[in-house]
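For reference, the structure discussed in these notes is given below.
The values are calculated or read from the model by the stated rules, or taken from the named source; none is laboratory data. None of these values were measured; they are calculated from a predicted model. FYI the Cβ positions are ideal-geometry reconstructions off the backbone, even for glycines, and counts take in every protein chain you see. Note: areas computed on protein heavy atoms with side chains; ligands, DNA, RNA excluded. Shrake-Rupley method; radii C 1.70, N 1.55, O 1.52, S 1.80 Å.
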Amino acid sequence: MVTTSAPAKEQNPAYRPARTPPPLGMNLSGDPRQALVLLGQRFGDLFDLFAREGRRLYLVGGSVRDALLGDTHRADYDFATDALPEESLRILRAAGLRTFPIGARFGTIAAAISDTLVEITTFRVQEAYEPGSRKPEVEFGDSLDDDLSRRDLSINAMAIDRHGHLIDPFDGCSALERRILEVPRGGLENTRSILRDDPLRLLRIARFAGRLGFAPTPDTTQAAMDCRAELLRISRERWKMEMDKLLLTRHADQGLAWLAHTGALQVVLPATGPLVRLGQVRRVGAQLLDTPDDLMTRWSVLLLHTVVTEHTDCRLDLSRSLETWPDEPLRTAFASGVASRFRFSNAERQCVERLLGGIPDPASLRADWDRPALRRHLIGFGEDAIRVLDLLDAVGDTVPGLTEHTGRLREALVSLRSVEDPLPRLPKGLGHALHEQLGMPRGPALAEAMARLREAILDEALANDPDIDACIGWLRDN
Ligand code: ATP
Ligand code: MG
């Protein structure tokens, strides 16, 4: 389902623009120009390599933006050059650097400089989708300004040269100061065209709203509303990458609320329609911020709200019995559908299925959990045994005293896990012995006997790792 009408602001209490921005100086540690000079110096050798070949090279994008914000800790650095990919490859290899042609078709060559990854991309002029294609078509150019003009946001469209001189043709610096998000050159028509060229940019804007707490300008928001359906043209893997990043940001609530306000959230995840209509997106966003930095727990917070509101048409309320929820198979099937839609890995799919399907009723946490119950929890949830408690804590704002119960349970689980392996183990050759000594036919009867023995171990009626005689004795007595 793709929503066709934009939710008006007043109908959508989930959306509130970002708070009034503080001046840029408040974000900065030290002198931003000095930070740029240091950044240029850091890659002096690389700049020289290209300069010696008569090629231009600039550091662009996130590293420049973050340096201006006083954040110099990054894992990757993006460069732009007028050298064609083959030439960049040759220059880097001749200097003895390790290279990785990660996106040669799109003009990107990666190289390792000490333990830093740099990506060098040939200037681009176009990044448009051919009709029917899910991958962008790329055309190389020879102008830095043209390259910068096709970037997603003005704050990401700045570059520096070797000396740390800032090249900022689209007032990215001023956008940083005003804490706004807009495409280079702004303007409604132009923004639409930039979003249409690569609709992923919609999700990226939400991601940067979440990362920086900046507000998209009204034109940006309007253009996103107009272009949201175009998201369906791009690959789901790209959706997933940006959504993952958004869910882990410091202001995920702002990013998510904006995405819902533009209707783009409902395009990538149609089941969120009722969540948006019931004005629950801000609440989900606030809960995300209180959730550990764990990707699958964060996805589960969003998905649990989504599946419950979709099926009950009521906000998620953990203080009411889970009987009012869609049942376990439905929740699991929903998780699995989303996992397929967003191309989750198998491990990720299993995790959201387990968390959404198996989330315990908070009422059950008040009881005293004996060892058999703890073991069953550990076995049922496997490595997600603690995660599901984090999920309960995150979405349980309607249950007073919940964190006390989850805290107690968390401790008990950790301590049990540290002293024993909860998995029940049966001796080797047991099947054969049961067949020979008790005359049990092979097949379902034998499997059922084994299952009963495992249950007996979990209940402590039988010690773990019993020998064959103990198993046979127990089966005779029971
Ligand atoms: P991060 O700090 O998360 O790495 P980043 O700004 O470096 O953020 P990347 O996704 O690594 O973002 O992309 C590097 C740069 O390439 C961006 O700053 C932006 O200028 C440009 N860019 C990346 N993806 C797109 C896109 N889909 N459309 C336009 N420009 C893009
Ligand atoms: Mg980057």
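Taken over the stretch 448-461, the criterion of being surrounded by 12 or more Cβ atoms within 10 Å (Cβ to Cβ) and under 23 Å from residue 378 (Cβ atoms) is satisfied by 450, 452, 453, 454, 455, 456, 457, 458, 459, 460, 461. All conditions in (1) under 26 Å from residue 270 (Cα atoms); (2) in contact with a helix residue (DSSP H, G or I) (Cβ under 8 Å, 6 or more places away or on another chain) hold for residue 378, with the sole exception of (1).
In the stretch 96-110, the condition of being within 14 Å of ligand 1 (Cβ to nearest atom), at pLDDT 90 or above and not aliphatic (A, V, I, L, M) is met by at least one residue. Which one is surrounded by the fewest Cβ atoms within 10 Å (Cβ to Cβ), of the residues in the stretch 96-108 that are of a type in the set (A, V, I, L, M) and in contact with a strand residue (DSSP E or B) (Cβ under 6 Å, 6 or more places away or on another chain)? Looking at residues that are of a type in the set (A, V, I, L, M) and in contact with a strand residue (DSSP E or B) (Cβ under 6 Å, 6 or more places away or on another chain), I get 102. In the condition set (1) assigned to a helix (DSSP H, G or I); (2) within 16 Å of ligand 2 (Cβ to nearest atom); (3) open to solvent by 10 Å² or more (accessible area, probe 1.4 Å), residue 189 is compliant with all but (2). For the stretch 66-99, give me each residue that is basic (Lys, Arg), out of contact with any Asp or Glu (no Cβ under 9 Å at 6 or more places or on another chain) and within 14 Å of ligand 2 (Cβ to nearest atom). Result: no residue meets the conditions. Show the residue pairs meeting these rules: Cβ distance below 7 Å; 6+ apart or different chains; first residue within the stretch 338-355 and not assigned by TED's automatic domain parsing to the domain that holds residue 383; second residue open to solvent by less than 50 Å² (accessible area, probe 1.4 Å). So the pair list comes out empty. Only a single item in (1) out of contact with any helix residue (DSSP H, G or I) (no Cβ under 6 Å at 6 or more places or on another chain); (2) within 16 Å of ligand 2 (Cβ to nearest atom); (3) open to solvent by less than 10 Å² (accessible area, probe 1.4 Å) is not met by residue 111, and it is number (1).
For the stretch 368-383, indicate whether the set of residues that are surrounded by fewer than 18 Cβ atoms within 10 Å (Cβ to Cβ) and within 16 Å of residue 294 (Cα to Cα) is non-empty. Checked the stretch 368-383: at least one residue is surrounded by fewer than 18 Cβ atoms within 10 Å (Cβ to Cβ) and within 16 Å of residue 294 (Cα to Cα). Report, by residue number, each residue of the stretch 82-95 that is touching a helix residue (DSSP H, G or I) at 6+ places or on another chain (Cβ under 6 Å) and either open to solvent by 10 Å² or more (accessible area, probe 1.4 Å) or modelled with pLDDT of 95 or more (or both). Scanning the stretch 82-95 gives 91, 95.
Within the stretch 72-95, the set of residues being away from ligand 1 (no atom under 16 Å from the Cβ), closer than 13 Å to residue 43 by Cβ and outside any helix (DSSP H, G or I) comprises just one member, 95. Take the residues of the stretch 139-166 that are open to solvent by less than 40 Å² (accessible area, probe 1.4 Å) and away from ligand 2 (no atom under 16 Å from the Cβ): which is nearest to residue 202 (Cα to Cα)? Looking at the filtered set, the residue picked out is 154.
In the stretch 44-81, the residue that is nearest to residue 109 (Cα to Cα) out of those that are open to solvent by 10 Å² or more (accessible area, probe 1.4 Å) and acidic (Asp, Glu) is 78.
Contact annotation: residue pairs with Cβ atoms under 8 Å, 6 or more positions apart or on different chains, pairing a residue in the stretch 56-83 that is farther than 14 Å from residue 119 by Cα with a partner that is within 13 Å of ligand 2 (Cβ to nearest atom) and part of a loop (DSSP other than H, G, I, E, B), are 66/74. Is there a residue being charged (D, E, K, R) and away from ligand 1 (no atom under 15 Å from the Cβ) anywhere in the stretch 56-71? The answer is yes; a qualifying residue exists.
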